[in-house]
Amino acid sequence: MKFKKIHGLIAATFTPFCEDGSLDERKIPVLAQSLRANGMAGAFIAGTTGEGAAMTYDEKIRLLEAWAPFSAAEFKVMAMLGGTSQKEAIALADRANALGIYGIAMTAPYYMRPNSVKQLVDYYESIAAAAPDQAFYFYHIPLLSKVELPMLDFLEEVGERIPNFAGIKYTHNDLMEFNRCLRFQGGKYDILWGWDETMLAGLSMGAKGAVGSTYNYAGPLYQNLMEAFQQQDMEAARHWQEKSIDLISLFGHYGGAACGKAIMKLCGLDCGQFRYPVKQLEKGDYEELKECLDQLGFFQYSSNEKQEQ
């Protein structure tokens, strides 16, 4: 394998916006410092959590440029390039390559959807070629993309055609397929778990690395979960997973995706609001959410206290 497999947690980062909704790159150094201080292995930018689908091309370029200085061997920055415009993704891949960002990722085109693995790889081939030095990951999230192609067939096809293909960010609930992908050709590719609220299931199936949005503000929780699992303390591991489940169960009431940015603000890392059509939170929502988080004991394991030494 050309690229080493990622072990540990990659935070799917929020994109910070100003009050007027414009991109706020000034917050990136603070976000990067917080992630590093809380033991994250890297950052996955402009993905679902990062609102990449709601950003312009120029904004994505600026975001790449803002995060690039923090990409290093011990802290890998991976950029989601998009999903529906091949030409735009090629241009973004070229810029990511020039900036030296560790990795790039693509989700499946979710409007004119491919109906075969070959079609999907046809779409990616020229994009990956524009960034030959970067690890190329497929972001498999059929819940949103509605593209449910067999991932074992995808690994077979993409492995033969894309030299810098590194693996899959697997945000799906098919544990059997996930395990088979991990074992494909003797464990050739990096298969990263993508469901925060079921991390324990992913670990039990062999996951060593994971990408998730709640790692931004609850990193210690997941570090504790992984440590308990490694020590074969399943009772403790379930305890921490249940903490994660209870936390994520709040999302539906407090704006879904927007709840994550609200929690960031309550932790002292204000990234602004989510862009429309996502629900915009009012002052009362923040106050009520904080009460719920207090009841869960969230601030005992949140990421807001640590600072990088």
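Note on region 164-178: residues that are among the polar types (S, T, N, Q) and crowded, with 16+ Cβ neighbours inside 10 Å total 2.
Any idea which of (1) in contact with a helix residue (DSSP H, G or I) (Cβ under 8 Å, 6 or more places away or on another chain); (2) surrounded by 19 or more Cβ atoms within 10 Å (Cβ to Cβ); (3) under 21 Å from Ile141 (Cα atoms) is the one Leu64 doesn't satisfy? Failing condition for Leu64: (3). Number of residues in region 49-63 that are acidic (Asp, Glu) and either free of Cβ contacts under 8 Å to residues at least 60 places away in the same chain or part of a helix (DSSP H, G or I) (or both) equals 2.
The set of residues in region 201-210 that are touching a strand residue (DSSP E or B) at 6+ places or on another chain (Cβ under 8 Å) and either part of a helix (DSSP H, G or I) or within 17 Å of Leu296 (Cβ to Cβ) (or both) comprises Gly202, Leu203. Right, Tyr189: surrounded by 17 or more Cβ atoms within 10 Å (Cβ to Cβ) and over 30 Å from Leu149 (Cβ atoms) or not? Answer is no for this residue. Before we move on, is Arg161 in contact with an Asp or Glu (Cβ under 8 Å, 6 or more places away or on another chain), among the basic types (Lys, Arg) and modelled with pLDDT of 95 or more? It is true that Arg161 is in contact with an Asp or Glu (Cβ under 8 Å, 6 or more places away or on another chain), among the basic types (Lys, Arg) and modelled with pLDDT of 95 or more.
Could you tell me whether any residue of region 213-231 is in contact (Cβ under 8 Å) with a residue 60 or more places away in the chain, surrounded by fewer than 20 Cβ atoms within 10 Å (Cβ to Cβ) and touching a helix residue (DSSP H, G or I) at 6+ places or on another chain (Cβ under 6 Å)? Checked against the condition, which is being in contact (Cβ under 8 Å) with a residue 60 or more places away in the chain, surrounded by fewer than 20 Cβ atoms within 10 Å (Cβ to Cβ) and touching a helix residue (DSSP H, G or I) at 6+ places or on another chain (Cβ under 6 Å), region 213-231 yields at least one hit. Highlighted here are the helices (runs of 4 or more DSSP H) found entirely within region 211-309 that include at least 2 residues which are among the basic types (Lys, Arg) and under 19 Å from Leu9 (Cβ atoms): 234-248.
When residues in region 1-48 are screened for being assigned to a loop (DSSP other than H, G, I, E, B), over 17 Å from Tyr139 (Cα atoms) and not hydrophobic (A, V, I, L, M, F, W, C), 12 of them pass. His7 satisfies every condition listed in (1) of a type outside the set (Gly, Ala, Ser); (2) surrounded by 15 or more Cβ atoms within 10 Å (Cβ to Cβ); (3) over 25 Å from Tyr110 (Cα atoms) except (2).
For region 158-200, enumerate the residues that are assigned to a helix (DSSP H, G or I) and within 18 Å of the chain's Cα centre (by Cα). I'd like the intermediate steps shown before the answer.
Taking region 158-200 and keeping what is assigned to a helix (DSSP H, G or I), we get 158-161, 175-186, 196-200.
Answer for region 158-200, where residues must be assigned to a helix (DSSP H, G or I) and within 18 Å of the chain's Cα centre (by Cα): Phe178, Asp196, Glu197, Thr198, Met199, Leu200.
Figure legend. Inter-residue proximity from region 232-260: first residues free of Cβ contacts under 8 Å to residues at least 40 places away in the same chain and more than 18 Å from Trp195 (Cβ to Cβ), second residues in a loop (DSSP other than H, G, I, E, B) and hydrophobic (A, V, I, L, M, F, W, C), beta-carbon distance below 6 Å, spacing 6+ or different chains. Indicated pairs: Gly255/Leu281; Ala258/Phe274; Ala258/Val278; Ala258/Leu281.
The values are calculated or read from the model by the stated rules, or taken from the named source; none is laboratory data. What you are looking at is a predicted structure, and each value in this text was computed from that prediction instead of being measured. Neighbour counts run over all protein chains shown; Cβ positions are idealised from the backbone, glycine included.
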